[in-house]
Amino acid sequence: MLSKKVIFTFSPQNVERPVTYQLIKDYNLWINILQAKFEPSLGGKLVLELKGEDKQIKEGLNFVRQIGVGIELLEQEVLWDEKKCIDCGACISICPTGVLSLDKETFKLKFDYEKCIVCGNCVEACPLQAIKVIF
């Protein structure tokens, strides 16, 4: 099973389309909504993790493109240099998905890569540049 993270950008004209429902029903994809922000009069963005067979994901993304929803594949990766990090926690509050946290016993920073949507907020917040986004 393949996993891809994507950002869908909706216009005001297609913001009310049941895209996730159709991807599940018609393409048998597993959908995990990581982040969403919508205003019906302006459109919106939806960050998703899609899981399924390669063919299903490709067909599902083609469907989304055909109905006029913009697609951006998150093929970036966040790298955290634990040796450079001083566990200050400056990156924790800026993370919208709770990727970063401090271990309550050791007070060491923890990074949960599975939750990461590669927004880059942590990169800007890190005073030592111990976090990087790579392509």
Exercise for review: For GLY60, work out the one condition from (1) crowded, with 17+ Cβ neighbours inside 10 Å; (2) at pLDDT below 90; (3) touching a Phe, Trp or Tyr at 6+ places or on another chain (Cβ under 6 Å) it doesn't fulfil.
Suggested key: (2)
**Study point:** LYS84 being within 30 Å of LYS110 (Cα to Cα), modelled with pLDDT of 95 or more and surrounded by fewer than 16 Cβ atoms within 10 Å (Cβ to Cβ)
**Key:** no
**Study point:** Residues satisfying the stated conditions in segment 87-118, i.e. in contact (Cβ under 8 Å) with a residue 24 or more places away in the chain, under 22 Å from ALA36 (Cβ atoms) and either of a type in the set (A, V, I, L, M) or surrounded by 12 or more Cβ atoms within 10 Å (Cβ to Cβ) (or both)
**Key:** ILE94, CYS95, PRO96, THR97, LYS115, CYS116, ILE117, VAL118
Study note, to complete from the structure: If we keep only residues of segment 1-25 that are surrounded by 12 or more Cβ atoms within 10 Å (Cβ to Cβ) and of a type in the set (Phe, Trp, Tyr), then the residue nearest to ILE71 (Cα to Cα) is PHE8
Review point. Across segment 59-89, what is the number of residues that are among the hydrophobic types (A, V, I, L, M, F, W, C) and part of a strand (DSSP E or B)?
Key: 5
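Condition check ((1) touching a residue at least 40 places away in the same chain (Cβ under 8 Å); (2) in the same structural domain as CYS95 (by TED's automatic domain parsing); (3) not in a strand (DSSP E or B)) across all residues:
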position: PHE8; (1), (2), (3): yes, no, no
position: PRO12; (1), (2), (3): no, no, yes
position: TYR21; (1), (2), (3): no, no, yes
position: ASN32; (1), (2), (3): no, no, no
Review point. Hey, any hits in segment 32-41 for a residue that's surrounded by 13 or more Cβ atoms within 10 Å (Cβ to Cβ), farther than 16 Å from PHE10 by Cα and at pLDDT 95 or above?
Key: no
Revision key, fill the gap. Taking segment 64-81 and the residues there that are without any contact (Cβ under 8 Å) to a residue 60 or more places away in the chain and under 13 Å from the mean Cα position of the chain (by Cα), the one that is surrounded by the fewest Cβ atoms within 10 Å (Cβ to Cβ) would be GLU77
Check your understanding: Which of the residues spanning segment 99-135 are assigned to a loop (DSSP other than H, G, I, E, B) and either of a type in the set (A, V, I, L, M) or closer than 18 Å to GLU77 by Cβ (or both)?
Key -> VAL99, ASP112, CYS116, ILE117, VAL118, CYS119, GLY120, CYS126, LEU128, GLN129, ALA130, PHE135
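The values are calculated or read from the model by the stated rules, or taken from the named source; none is laboratory data. As the structure is a prediction and not an experimental result, all values here were calculated from the model. Here Cβ is always computed from backbone atoms with ideal geometry, including for glycine, and neighbour counts include all displayed protein chains.
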